[in-house]
Amino acid sequence: MHVVFVIGTAGSGKSLFTANFSLFLKSKGIDVACLNLDPGVENLPYTPDVDVRAYVDVFQLMEEYKLGPNGALVAACDLIAMQIDELNREVDELAPEYLIVDTPGQMELFAFRASGPLIASELKGEQKAILYLFDAVFSNNPLSFVSNMFLSAAVYVRFAIPQLNLLSKVDMLSPERVEKILDWATGVPRLEAEIAQQLSGESYLLSKDLLRLINRIGLNFSLIPVSSTDLTGYVDVHAQLQRLFAREEEESEQ
């Protein structure tokens, strides 16, 4: 089973991507299941095959422990880790070829708490990958783009799982703006020039230093442009996942 975690900042389009990418894979004859890991979401654009809300109730936690919405979400996400056996049991019964995992809307609840990496490691699956979504609208200026690069790098370090970076919601920008962002992702000198041109003062210094730090790590930040409106890039995402999983399999056999 291939397990794919969809991670990104709030509003980056994780749930809609999960919905449409699962439908895309199903149209290719692939057996797919969707796991919702967001205990606080009220409406989803898909029907989860496995849903943590069946095990953890945010509103009940608020009432029982007199917590606010944020405190209840934190508690709920930590409690999910205690339900990993039940989640695995449900996934085992479905036995899909692909399991698409829709992570909480507030990325830090999954990515930067101890429970997130624990869930990712304990969830059954022969091969795992992360799809990190760069929100195209949020990434439309150099400072925000570098911030997103930093978050993507932090996710990679936290989980140590093969990762692909996607530029989501590209239908909301002009083709020229999308091309510029894609150029930033692969051309550090061009991004540095853009930072120097558009920013000044502390914003300039912070962005420049962050970019140089990220560049020293040597991670690949090339982006796959995708749109959940017209399914742009879905073929490329699937192809890249197949290559990634094939490479993982070859390395495990050596």
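Restriction of the GluC sites (Glu not before Pro) in the stretch 1-83 to DSSP coil positions whose beta-carbon has at most 10 other beta-carbons within 10 angstrom yields 42. Judged by the mean number of other Cβ atoms found within 10 Å, the most tightly packed of the peptides 26-38, 189-201 leads the ranking 26-38, 189-201. How many angstrom lie between the Cα centre of the stretch 16-50 and the Cα centre of the stretch 108-151? That distance is 18 Å. Only one residue of 55, 189, 165 has its Cα farthest out toward the positive end of the dipole of the chain, where Lys and Arg carry +1 and Asp and Glu -1 on Cβ, and that residue is 189. To the nearest 0.05, how large is the calculated FRET efficiency for residue 251 and residue 177 if R₀ is 35 Å and r is the Cβ-Cβ distance? According to the calculation, E is roughly 0.40. Mean residue ellipticity, 222 nm, helices only, the chain: the sum of -39500 (n - 2.57) across DSSP H runs of n ≥ 4, divided by residue count and rounded to 500, is -17000 deg cm²/dmol. With the simple spin-label model, which puts each label point 7 Å out from Cα in the Cβ direction, the residue 43 to residue 198 separation comes to 3.2 nm.
Compared with the dominant principal axis of the Cα atoms in the chain, helix 14-27 is inclined by about 70°. A crude spin-label estimate for the pair residue 78 and residue 154, with each label 7 Å from Cα along the Cβ direction, gives 1.9 nm. Here the dipole of the stretch 1-125 is about 420 debye; that uses its Cα centre as origin and unit charges on the Cβ of Lys and Arg (positive) and Asp and Glu (negative). Under a model in which nothing but the beta-carbon of Lys, Arg (+1) and Asp, Glu (-1) is charged, the chain shows a dipole of about 840 debye around its Cα centre.
Rounded to the nearest whole Hz, the Karplus-based 3J(HN,Hα) values (6.51 cos²θ - 1.76 cosθ + 1.60, θ = phi - 60°) of the stretch 77-82 follow the sequence 5, 5, 5, 4, 4, 7, with x at glycine and proline. Backbone phi angles across the stretch 166-174, fed through the Karplus curve with coefficients 6.51, -1.76 and 1.60 (θ = phi - 60°), yield HN-Hα couplings of 10, 9, 8, 6, 5, 5, 8, 10, 5 Hz in residue order; Gly and Pro are listed as x.
Every read-out reported here was derived from the displayed coordinates using simple, explicitly stated rules and does not represent laboratory data. Keep in mind that what you see is a predicted model, and the values were worked out from it rather than measured. Positions of Cβ are backbone-derived with ideal geometry, glycine not excepted, and every protein chain shown enters the neighbour counts.
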